[in-house]
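The values are calculated or read from the model by the stated rules, or taken from the named source; none is laboratory data. Here the structure is a predicted model, which is why all the values come from computation and not from measurement. As a convention, Cβ positions derive from the backbone with ideal geometry for all residues, glycine included, and neighbour counts pool all protein chains shown.
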Amino acid sequence: MATVSEASAAGAAVSRRRTTHPVLRRLRSRPLVIVAMAMLVLFIILALAAPIIAPHDPNALISGAVMRRPSWTYPFGTDELGRDVFSRVIHGARISLQIGIITISIALVLGTLVGLTAGFYGGLVDSALMAVMEILLAFPQILLAMAILAMLGPSLRNAMIAVGLSAVPVYARTARGTTLSVRAMDYVESARAVGSGDVRILLRHVLPNMISPVVVLGTAGVGIAILIAAGLSYLGLGAQPPTPEWGAMLSESRAYLRNAWWMATFPGLAITVVVVSLNLCGDWLRDLLDPRLRK
Amino acid sequence: MAFWRSLVRSLLLLVVALALVVPSITYAQPRTGGELVLVSTEEPDTLDAQKTGAAVTGLLMRYLGDTLITKDLKGNYIGALARSWTVSRDGLTWTFQLRTDVKFHDGTPFNAEAVKGTIERALAPETKSPIAGALFGPVASVQTSGASTVVIKLKQPFAPFIDNLTDPRAMIISPQAVREMGDRFGRAPVGTGAFKFQEWRSADRVVFARNPDYRWGPAYAHAGPPLVDRIVMRFMPESAAQVAAFERGEISILVGVPPTDVRRLRAMNKYPFFSFLRKGVGLFLEFNVTKEPFSDIRVRRAFNNAIEKNSVLQIGLEGLGEIADGPLPPSIWGFWDGVKEYAPKYDPARAKALFAEAGWRQARPGGALEKDGKPLSFVLFIAPIDTWRRSAQIVQAQLRAYGIAMEIQTFEFGTLLSKLKAGEQSAGFMGYTYTSPDIVQLWFHSSNIGTGLTLSHFKDAKLDALIEASRTETDQAKRLAIYRDIQKYIIDQALWVPLWTNTNYIAVQPTVDGAKIHPDGFVVLNDASLK
Amino acid sequence: MKAFLVRRLLLLVPTVLGVTLATFLMLHLTPGDPVTIMLGEFASASEVARLRSELGLDRPLPVQYVRFLGRALRGDLGSSIRSRRPVAEEIAERLPPTMQLALAAEILAVAVGIPAGVAAATARKPAVDSGVVAVTLIGLSMPTFWSGLLLILLFSLTLGWLPITESVGVRALILPAVTLAAPAAAVLARVTRASVLEVLRQDYVRTARAKGVAETIVVYRHAVRNALIPVLTVAALQFAGLVAGAVIVESVFARPGLGRLAVTAILSRDFPLAQGIVLVVASMYVFVNVGVDVVYGLLDPRIRYR
């Protein structure tokens, strides 16, 4: 075997006698994933403990400290109003992760519900639901989100609803596909033979088995949601000032790129690092959960 | 061989001679040709001067059209398309003697009929002009007397009329072109200006070409055709990209340099700069007096004492302007210079006392300002303008110190305006630009509630009467006194918290010669040329 | 074959109807009276009533929908509130620059993303794989309004290579296309990598290897060729996403395209215009989707009998 890629190396490792837990073994061969996980853990801690960790109130205007360069006092410098960028990025972790998670929760719950129903019942229900999803899929996410925001009015909450709703069809489609394959499995057939009700079969047998691809999709989806929310902030439809949402911070400081590089750089880096990490972890999860790799 | 050598030598001599002579010629007479590139964030809705709602259209019409009267660089009224004019004693009859050597861009002659056609079209209901009412409202009739005399009759004396006639949107348009093109006129306008319409590429640029027949330039520039071949107005939504394009030399004149870049560009010592105080109040917080808690004048007054404007100016606008105290800035005639003394000062103690008087108290130090258990909170509606967003956040932080929770909600400018007109707001940010004090009619007269710009929704007979008097009074000294009373009254009623008036900065490429700044806030390009 | 084509094209009808219904409802579910917005603040009540009946807005919703559909079929999408021009005319004017941009970005994304994905999947060193993955992910993870501005500052201002205010021609296309292509290329690279890895695990590849076929031939003749079919599907479907991505990129680079028109229309609540643009972009997606299916059907006979 001359090609040594991550996946085939992992496969080769599995074929040896199991000495350590397979998850850990696979993780060891992917240092990037370890870094990514560490980053995500770091940002989650930052988000949870923001008020304790942040040295300043993220919205407090520190008098006489407008657009200071990064220093010991202000590690990421201060912004055009004299706010500590470090504290804002930390509090921003709270907001941006929240955006990603809430948005994807909306998409995941509704999408799974639709996909599960469509896949499980099949027939007319399936055709009707998936036709609606197919139609919604035709509307690009950012356009759909913009249109929803134009109706509901711009705000962070509405942005989350808009982005979440616009992602539903993607999840519905995946959920339906896996439900279809799970439904055909023997254990579902036998549960049905024993006389279990639909809801019971769905919850006990189908849902747990079809959820992993949806979760994989959702991991990267959190990152996409953060990026779309940032784009909406750029268009003036997202978070309202003074909310330290990363996209809003980045967008508002773009006028100062030439005078105060730190104002845009740190929130920009935060977005990039989190989205990259989410994607790396998503890829890794996919490989991990892929039954063909597990064999 | 010798022949060739002597030929080369003589050619060389010729080249040297030309090289010596040519620059001296161009020095004496500015070079003609080339194009000047301007930039704007906003794109016109239409180039029909009478149908536009966009400020950028007004700016473009300065180049495409001429008005009957204009202002020179000192702000005096001078004839433009009108050679001279007289006003009857009662101020009701205006008689204009027109120039006879003027042609529209489509070749049709400019005459009294054209003036009549223009004004009548503006006032016709089917034109649905958003500005005709303000500009020509009291016009009763327009009559021609021969080809070069126009008589405008007014229903009542109308003091702002002369200034309105200098507004670029009052330009005279070709009646024949309007007839022929109908609705398409707004995409290919025809005027008499120094530049004529060439092309409008949507979301990209408007191109105006030099009008070679131009002989009727205003007194503050040379009379003939402009020196450059074209002016281009490029539309770029991203201001950071505008500045980058200017620094790269792709834009000749950058009107409205963002405050962030003013210092940096000036420090480069490379670009000539023009600056002037905006004609209008750049930013004020306007209350909706029909909504709680701002229906209470004590709360509005308390806000005027509570906000420390200098920080808003220094941080929100990087200090590039002046603190505003009343509804008019010093750059508009009619400004009362006692306003600084008269206006409420920053006084936190007085603000708290006023809040308390109105029933708003802090239950505990550092807590929310409450009345009957309800906290004082409201949403401020703003537009996504960088300096507004910054100023709003400073005001927000200042109010927080009093226990007031102010939220900020951003809307695109047009949407914001329609929401404020509809009275959906508790309070909003606004700014205006206007050339005359008649702005108080547009902004405060109760007839403009709902449809016009009376965004405070303040209905008050005394203020209406004062404003009406300011419009019909033709004695300038008396008019000044009325404007003083109006300014005092508006401050008394605390309809606004005026915040600042910005200085406009215009950066010019060193390769551009002869650009001048007009006191009404635009760049005169008739004499401009490229080195 | 013919049956498959007919079936697929027939399926188009309900989808397109659904798309039109959704865009139609978008306008009617939005709070605020479109007529008042259209006429502006100076309209009288009688004018409002007249325009309302003129536009048929006083009819029942289903009747309105059928009329909307009828007009849309004839290419009449109403008039823009702001410019008072026909929506179809505005869209026709703005579509070409966006198509150019999206096509250029698509070509770039394919030209960079697929080789990068193949390289990552077949790299002999894990570091190469990780490196390619990391770089493409960064392309995916930067908000385009930020990366676009950085590109302007670097390539136009600092290095002075490319113009900022030009709007036509290849030079004006480079930076926006790169900005728009970066996330798309990253997605393609990842899909390619996964797909190639998948194929490399297939039996026939193993057989080829076992038979002693040279590794490069295994990779390029067998694996990559077969792996590319799903990748090209993704690439085709990405096209609609690129058109939507123009919403932000065109604003940053001041390009006169459909994306910027969409922003203006939605932000200024120019509903007929917004509706028209959304309808056009969504229909584009539907047709690309069908096109992909049909091409697939032609390439792979198994699909037809699915």
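General observations
- Going through (1) more than 9 Å from chain A (Cβ to nearest Cβ); (2) in contact with a Phe, Trp or Tyr (Cβ under 7 Å, 6 or more places away or on another chain); (3) buried (at least 22 other Cβ atoms within 10 Å of the Cβ); (4) part of a helix (DSSP H, G or I) one by one, C:Leu279 falls short only on (2).
- Scope region B:190-200; condition assigned to a strand (DSSP E or B) and within 13 Å of B:Leu36 (Cβ to Cβ); matching residues: B:Phe195
- Number of positions in region C:150-167 that are surrounded by fewer than 23 Cβ atoms within 10 Å (Cβ to Cβ), under 21 Å from C:Gly259 (Cβ atoms), within 9 Å of another protein chain (Cβ to nearest Cβ) and aliphatic (A, V, I, L, M): 1
- Pick from region C:84-100, criterion surrounded by 20 or more Cβ atoms within 10 Å (Cβ to Cβ) and in contact with a helix residue (DSSP H, G or I) (Cβ under 7 Å, 6 or more places away or on another chain), ranking: farthest from C:Ile266 (Cα to Cα): C:Thr98
- Of all the listed residues (A:Ala145, A:Ala107), the sole one being buried (at least 24 other Cβ atoms within 10 Å of the Cβ), touching a Phe, Trp or Tyr at 6+ places or on another chain (Cβ under 8 Å) and part of a helix (DSSP H, G or I) is A:Ala107.
- Conditions (1) more than 10 Å from chain A (Cβ to nearest Cβ); (2) at pLDDT below 85; (3) out of contact with any Lys or Arg (no Cβ under 7 Å at 6 or more places or on another chain); (4) assigned to a helix (DSSP H, G or I): number failed by C:Val294: (3)
- Among (1) assigned to a helix (DSSP H, G or I); (2) more than 14 Å from chain A (Cβ to nearest Cβ), the one test that C:Arg84 misses: (1)
- If you go through region B:128-143 and keep only what is in contact with a helix residue (DSSP H, G or I) (Cβ under 7 Å, 6 or more places away or on another chain) and polar (S, T, N, Q), you end up with just B:Ser129.
- Within region C:113-149, the set of residues being more than 7 Å from every other protein chain (Cβ to nearest Cβ), within 17 Å of C:Ala172 (Cα to Cα) and of a type outside the set (Ser, Thr, Tyr) comprises just one member, C:Gly148.
- Residues that are of a type in the set (A, V, I, L, M) and touching a residue at least 24 places away in the same chain (Cβ under 8 Å) within region B:257-287 comprise B:Val257, B:Val262, B:Leu265, B:Leu277, B:Val281, B:Leu283, B:Leu285, listed in sequence order.
- So A:Val168, is it touching a residue at least 24 places away in the same chain (Cβ under 8 Å) and in a helix (DSSP H, G or I): yes
- Some residue of region A:182-200 being touching a residue at least 24 places away in the same chain (Cβ under 8 Å) and polar (S, T, N, Q): no
- Selection from region C:246-275 of residues that are of a type outside the set (Val, Ile, Thr), assigned to a helix (DSSP H, G or I) and under 26 Å from C:Leu21 (Cβ atoms): C:Ala246, C:Leu258, C:Gly259, C:Leu261, C:Ala262, C:Ala265, C:Leu267, C:Phe271, C:Pro272, C:Leu273, C:Ala274, C:Gln275
Residues are listed down the side, and each one gets a yes or a no for (1) under 30 Å from B:Tyr483 (Cβ atoms); (2) of a type in the set (Gly, Ala, Ser):
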| site | (1), (2) |
| --- | --- |
| B:Glu318 | no, no |
| B:Ser331 | yes, yes |
| B:Trp336 | yes, no |
| B:Pro344 | yes, no |
| B:Pro348 | no, no |
| B:Ala356 | no, yes |
| B:Gln362 | no, no |
| B:Lys374 | no, no |
| B:Val379 | no, no |
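- In the condition set (1) closer than 28 Å to B:Glu199 by Cβ; (2) modelled with pLDDT of 95 or more; (3) surrounded by fewer than 17 Cβ atoms within 10 Å (Cβ to Cβ); (4) of a type in the set (Val, Ile, Thr), B:Thr93 is compliant with all but (1).
- Scan of region A:234-263 for residues that are more than 7 Å from chain C (Cβ to nearest Cβ), out of contact with any Pro (no Cβ under 9 Å at 6 or more places or on another chain) and in a helix (DSSP H, G or I), ordered by number: A:Tyr256, A:Trp261, A:Met263
- A:Gly115 fulfils the conditions (1) out of contact with any Lys or Arg (no Cβ under 6 Å at 6 or more places or on another chain); (2) more than 30 Å from A:Leu250 (Cβ to Cβ) except for a single criterion, (1).
- Test result for B:Ile408, surrounded by 20 or more Cβ atoms within 10 Å (Cβ to Cβ) and more than 14 Å from chain C (Cβ to nearest Cβ): no
- Summed over region C:104-141, residues that are among the hydrophobic types (A, V, I, L, M, F, W, C) and more than 27 Å from C:Val168 (Cβ to Cβ) total 16.
- Matching option when the condition is within 13 Å of another protein chain (Cβ to nearest Cβ), modelled with pLDDT under 90, outside any helix (DSSP H, G or I) and under 21 Å from the mean Cα position of the chain (by Cα), among B:Thr451, B:Thr415, B:Thr435: B:Thr451
- Some residue of region B:343-355 being within 14 Å of chain A (Cβ to nearest Cβ), over 25 Å from B:Ile506 (Cα atoms) and not in a helix (DSSP H, G or I): no
- Taken over region A:49-97, the residue count meeting the criterion of being surrounded by fewer than 24 Cβ atoms within 10 Å (Cβ to Cβ), without any contact (Cβ under 8 Å) to a residue 60 or more places away in the chain and not in a loop (DSSP other than H, G, I, E, B) is 5.
- Any hit, region B:201-209, residues being buried (at least 22 other Cβ atoms within 10 Å of the Cβ), in contact (Cβ under 8 Å) with a residue 60 or more places away in the chain, at the interface with another protein chain (Cβ under 10 Å from one of its Cβ atoms) and in a loop (DSSP other than H, G, I, E, B): yes
- Candidates are the residues of region B:467-508 that are of a type in the set (Ser, Thr, Tyr) and part of a helix (DSSP H, G or I); the one that is modelled with the lowest pLDDT is B:Thr472.
- Candidates are the residues of region B:222-260 that are buried (at least 19 other Cβ atoms within 10 Å of the Cβ), in contact with a Leu (Cβ under 9 Å, 6 or more places away or on another chain) and within 7 Å of another protein chain (Cβ to nearest Cβ); the one that is farthest from B:Phe413 (Cα to Cα) is B:Glu247.
- Restricting region B:296-315 to residues that are within 14 Å of chain A (Cβ to nearest Cβ) and touching an Asp or Glu at 6+ places or on another chain (Cβ under 9 Å) leaves a set whose member that is modelled with the highest pLDDT is B:Leu313.
- Any hit, region C:168-181, residues being within 14 Å of chain A (Cβ to nearest Cβ), in a helix (DSSP H, G or I) and modelled with pLDDT of 90 or more: yes
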